[in-house]
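Here is the structure we will look at, set down as structure tokens.
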Amino acid sequence: MNDIRTIAIDLAKSVFQICIVSGRNKVSKQLRLSREKFRQFMLEQAPSRVVMEACYSSHYWARLFQQQGHQVVNAQTTPLYVNLSLSQWILR
């Protein structure tokens with residue numbers, strides 16, 4: 001059984017969409033947070049798999065998340081996710 005939860009993130013300039021998926025692929029929470037609340041939220045999370053798109057700020061966030069012990073997955077370069085948009089991947 002896979003108990004690693006996934007945090008899917010839609011990065012933006014000021015508001016971030018977050019979807020937390022349990023290890024059983026069930027959506028457990030969806031959030032919309034400002035940049036500062038997003039940073040604080042991620043600091044409080046236990047190590048998880050983090051999925052996000054590649055964009056101008058993704059390297060910054062990926063380094064920050066990896067320092068916190070998260071496994072970072074780029075949804076656009078990982079073969080499993082290439083043909084799915086982030087929202088399609090969350091809903092599968």
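The values are calculated or read from the model by the stated rules, or taken from the named source; none is laboratory data. Model, not experiment: these values are computed from the prediction. Cβ placement follows ideal geometry from the backbone for every residue including glycine, while neighbour counts extend to all protein chains displayed. Each accessible area value is taken on the protein alone, full model and side chains, heavy atoms only, with ligands, DNA and RNA left out. Shrake-Rupley method; radii C 1.70, N 1.55, O 1.52, S 1.80 Å.
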**Request:** Quickly run through segment 29-59 and pick out the residues that are assigned to a strand (DSSP E or B) and in contact with a Ser or Thr (Cβ under 7 Å, 6 or more places away or on another chain).
**Result:** Ser34, Arg49, Val51, Met52
**Asked** Does Ile4 satisfy the criteria of being closer than 20 Å to Asn74 by Cα, of a type outside the set (Gly, Ala, Ser) and either open to solvent by less than 70 Å² (accessible area, probe 1.4 Å) or touching a helix residue (DSSP H, G or I) at 6+ places or on another chain (Cβ under 8 Å) (or both)?
**Response** no
**Message:** If the requirement is being open to solvent by 90 Å² or more (accessible area, probe 1.4 Å) and at pLDDT 90 or above, which of these qualifies: Arg32, Arg39?
**Reply:** Arg32
**Message:** Checking Tyr56 against (1) modelled with pLDDT of 90 or more; (2) among the hydroxyl-bearing types (Ser, Thr, Tyr); (3) open to solvent by 60 Å² or more (accessible area, probe 1.4 Å): exactly one of these is not met. Which one?
**Reply:** (1)
**Item:** Residue in segment 9-28 that is surrounded by the fewest Cβ atoms within 10 Å (Cβ to Cβ), counting only those that are in a loop (DSSP other than H, G, I, E, B) and hydrophobic (A, V, I, L, M, F, W, C)
**Value:** Ala12
**Prompt:** Which of the following residues is β-branched (Val, Ile, Thr), more than 11 Å from Ile7 (Cβ to Cβ) and touching a residue at least 12 places away in the same chain (Cβ under 8 Å): Val50, Val27, Val21?
**Reply:** Val27
**Request:** Would you check which residues across segment 60-74 are exposed (fewer than 12 other Cβ atoms within 10 Å of the Cβ), of a type outside the set (S, T, N, Q) and not in a loop (DSSP other than H, G, I, E, B) and list them?
**Result:** Tyr60, Arg63
**Complete:** Residue pairs qualifying under the 6 Å Cβ cut-off, at least six apart or on distinct chains, with the first in segment 59-87 being modelled with pLDDT under 60 and the second being open to solvent by less than 30 Å² (accessible area, probe 1.4 Å) and not aliphatic (A, V, I, L, M), are Tyr81/Trp89
